[in-house]
Amino acid sequence: MLIAKGDLEGALSNFRKSFSVSAEIGDKRCIAAGYHNLGTYFERIRDYNTSLKNLFLSLALQNQVGIKEPETIEYILKFRKSIGLNLFKDLTKYAFDNLPEDLKPFIALDDFIKEETVHHETTPPVATLPAHAAAGRNTRSAVGSN
């Protein structure tokens, strides 16, 4: 709600408070949600390195405990699309390299940085008669026309 109101500093303060409570009690689901929220916050203020690192931390924790929250993957892919693949690859390397070693196996990095080939469906060309071939054809008149 604070982010929607434009109070990014207030939102960051609340994220950090809830994050420390979750860490204190060891609730990995809430910790993952906290990292996701921090990732979206840092993306909004254009701190892309910190944003992607937090999103990867969230995703790694989700994968570690078997939580399926598609929002984090969707956000990472949206982020990739908005900044372009080349910059995304650079940021991804930084973010992944700065993850704790025990969480790295829970991120399928290649799934995020692979280049996608776009396949366009094409329709086969329609055979058309050259203009000179159609010119000599007899045509029927519609019924009732003179």
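Rule-based calculations on the coordinates, nothing more; no lab input. These figures come from a predicted structure and were not determined experimentally.
General remarks:
- With contacts taken as Cα pairs under 8 Å at a separation of at least 6 residues, region 8-115 carries a relative contact order of 25 percent.
- Kirkwood Rh in Å, taken over all unlike Cα pairs in region 8-115: 13.9
- Straight-distance candidates among the lysines for linking to LYS68, with alpha-carbon spacing under 23 Å and chain neighbours fewer than 8 residues away dropped: LYS28, LYS53, LYS78, LYS81, LYS104, LYS114.
- A simple rule links phi to the HN-Hα coupling: the Karplus curve 6.51 cos²θ - 1.76 cosθ + 1.60 with θ = phi - 60°, which for region 102-113 gives 6, 9, 4, x, 8, 10, 8, 4, 4, 5, 8, 10 Hz, with x for Gly and Pro.
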